[in-house]
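Notes follow once the structure below has been shown.
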DNA sequence: GTCTATAGGGGGATAGAC
DNA sequence: GTCTATCCCCCTATAGAC
């Protein structure tokens with residue numbers, strides 16, 4: 001049983017951060033929600049910023065590992081040829097979208113991750129960006145292989161559009177409204193089709 | 001000359017909100033930056049929340065009017081036929097992207113607007129959403145006309161993906177790095193092509 | 001490990017002089 | 001309209017008892 005104080009604080013913080021934002025969530029609110037004492041946060045984590053890092057890391061690290069695993073499978077399938085664009089896109093967005101169904105992680109985590117990319121606080125952006133950098137590079141490289149007709153800066157720009165669309169889909173309450181598996185798969189399918197269409201759009205520069 | 005205290009406070013607040021986020025920006029920081037007194041905020045605006053509303057409204061309202069104007073021109077060009085998808089997309093994103101060049105509004109405003117769609121605070125979301133609702137409905141209707149092969153819920157979903165990609169492009173410091181007209185137009189062109197490709201992607205359901 | 005109590009700072013808002 | 005001074009609240013972090 002991992003229902004100890006530390007875990008309850010992480011769960012409460014995750015939920016409150018997702019609802020109201022990080023700045024607006026006080027340690028008092030977190031410990032009250034967790035049924036713990038105010039001092040417990042500093043005892044277990046050291047500071048609010050360290051707590052934020054653990055809230056993100058607990059979920060993001062496995063998520064990013066799954067992205068990399070799926071990407072490597074897609075690249076292995078392609079051998080020396082051009083890898084499948086939908087497979088790459090799905091490797092990137094599916095782990096996040098499917099996590100919506102996870103009753104443990106659940107919706108609040110997804111909104112939190114979605115928001116991570118746009119969070120105002122420079123501290124939070126740094127925390128998330130550090131954990132995301134390797135993933136971003138690997139996917140940009142794979143996208144460049146799958147889209148040989150695009151120059152590098154166009155691939156970078158389109159990769160960012162992809163992050164934006166995904167992040168927004170993740171924070172949108174109606175997009176992840178249904179906890180039903182059916183709804184989640186439909187949302188994922190829609191997102192992948194949209195992104196594939198956008199990524200392989202003509203640039204107006206090829207002959 | 002509108003370089004009065006009220007305007008200076010609005011300018012300073014806009015800049016600081018964009019840099020650090022709204023919650024993290026204190027009235028003390030704003031008045032210091034504006035060269036005004038702390039009490040001036042409550043004298044001119046009544047409260048911090050009212051100031052936030054004016055910071056957004058001052059820029060968003062003209063922006064949304066321009067979107068509607070451009071959309072109506074695109075729809076008029078189409079007559080009774082199917083309107084041009086790129087024209088609709090450009091009507092939506094161009095006013096925001098081109099505002100990056102405006103030396104008056106400038107970059108901080110754009111990042112602020114981009115962030116508005118993903119801002120954590122429920123108060124801020126309400127302020128922005130209220131001013132955005134009419135625009136969203138008009139564009140969803142136009143997109144449905146331009147994409148008759150898509151069902152309504154798919155159009156809604158794709159419209160949200162479009163907002164996400166645009167908002168992220170607006171907050172990304174490298175995307176709006178250059179104050180140069182050339183860079184801005186290239187960013188806009190890339191975004192429009194990506195979005196058009198995504199919006200008209202096949203759904204996998206048509207025969 | 002978990003509590004109470006409090007230090008120490010910063011926040012938004014306001015009263016009242018000028 | 002703009003200032004100073006201040007109220008009162010909530011925050012994070014910590015000290016020290018249990």
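Bear in mind these aren't lab numbers, they're just calculated from the coordinates by the rules spelled out. Note that the coordinates shown come from a computational prediction; the quantities given were computed from them, not determined experimentally. Reconstructed Cβ throughout: ideal geometry from the backbone, glycine too, with neighbour counts over all protein chains shown.
So here's what we get for this one:
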{"read-out": "Peptide B:185-198, shielding by other chains (average Cβ, 10 Å cutoff)", "value": "6"}
{"read-out": "Ellipsoid equivalent to the protein assembly as shown - semi-axes via the Cα gyration tensor, in Å", "value": "33, 31, 19"}
{"read-out": "The range B:1-43, relative contact order [Cα under 8 Å, separation at least 6], %", "value": "41"}
{"read-out": "Between helix A:122-146 and chain A: long-axis angle, C-alpha atoms, 0 to 90°, nearest 10", "value": "20"}
{"read-out": "Percent RCO, i.e. relative contact order, over chain A, from Cα pairs under 8 Å lying at least 6 residues apart", "value": "21"}
{"read-out": "Tail fraction, Cα-Cα pairs, the range A:44-93, threshold 13 Å, whole percent", "value": "63"}
{"read-out": "Pair residue A:33, residue A:49: separation of 7 Å Cα→Cβ label points (nm)", "value": "2.2"}
{"read-out": "Sequence ranges B:74-83, B:117-126, ranked by mean other-Cβ count within 10 angstrom, highest first", "value": "B:117-126, B:74-83"}
{"read-out": "Degrees separating the helix B:106-116 axis from the principal Cα axis of chain B, which is the longest one", "value": "70"}
{"read-out": "Using distinct alpha-carbon pairs, which all enter the 1/r mean, Kirkwood radius of chain A in Å", "value": "18.2"}
{"read-out": "Using a Förster distance of 25 Å, the FRET efficiency for residue B:140-residue A:182 (Cβ separation, nearest 0.05)", "value": "0.60"}
{"read-out": "Rough spin-label spacing in nm, given labels placed 7 Å along Cα→Cβ, for residue A:153 and residue B:3", "value": "3.6"}
{"read-out": "Label distances, nm, residue B:140 versus same residue in remaining copies, Cβ-directed 7 Å point", "value": "3.5"}
{"read-out": "Other-copy label distances relative to residue A:122, 7 angstrom Cα-Cβ extension, nm", "value": "3.1"}
{"read-out": "Per-residue [θ]222 nm for the protein assembly as shown (sum of -39500 (n - 2.57) over DSSP H runs n ≥ 4, rounded to 500)", "value": "-24500 deg cm²/dmol"}
{"read-out": "Distance from the range B:1-31 to the range B:63-90 (C-alpha centre basis), Å", "value": "35"}
{"read-out": "Between 0 and 90°, nearest 10: helix B:152-171 axis offset from chain B longest Cα axis", "value": "40"}
